[in-house]
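Okay, so here's the structure we're looking at.
A short reminder: the numbers here are calculations on the coordinates, not readings from a lab. None of the values given here were measured: they were computed from a predicted structure.
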Amino acid sequence: MFRRKKSREYSNTNPSEIRTLISEECEFEGEIKTTSSTRIDGKFKGRVNLEGSLIVGEQGEVTGELKADEIIVYGKVAGMIECKKLEIKKSGSLEGDIQVERLVVEGGGRYNGRCIMDHTYNTIMVESYSEQSKKVEGSNKKDQAPKALGK
């Protein structure tokens, strides 16, 4: 008679910490600035600037510039993102440029755009240069310069 709904897996963000909610039937355009965590299950267009977590629910659609400590995407996001940790869940899609320290994309999650990861870019360049140097030395073409990534 009564069925138990499947529990959804959400981030480590405690639901009681979410103080701002845009529900499924709500459409909002503008700017959100807050120190608390926010969840968007409806449609939002604009800027978000948080000191907490932003969760975009499965029915959520967000377009704009997003800045938060942590962003978890179950729905659709299009725009520019800056955060410490970004998670794109299997039902989530993100289209746009991101600047992030940590990126997690579950199997089935979709991401299209450019990604800049702090401190990692320099490491990749150094590793790539070292690997190219070894290949060049091994092939007796010492005067050949290695190619940088992304060029």
Original post:
Here are some pairs, Lys43/Lys76; Lys33/Lys89; Lys43/Lys84; Lys43/Lys67; which of them have Cα atoms lying more than 20 Å apart in this structure?
Top reply: Lys33/Lys89; Lys43/Lys84
Original post:
Using modelled backbone amide H atoms (1.01 Å from N, in-plane), which distant-in-sequence or interchain residues come within less than 5 Å of Ile32's amide H?
Top reply: Arg47, Val48, Asn49
**OP:** For segment 99-114, take each phi angle, set θ = phi - 60°, evaluate the Karplus expression 6.51 cos²θ - 1.76 cosθ + 1.60, and give the result in whole Hz per residue in order, putting x for glycine and proline.
**Re:** 10, 8, 8, 9, 10, 10, 10, 6, x, x, x, 10, 9, 10, x, 9
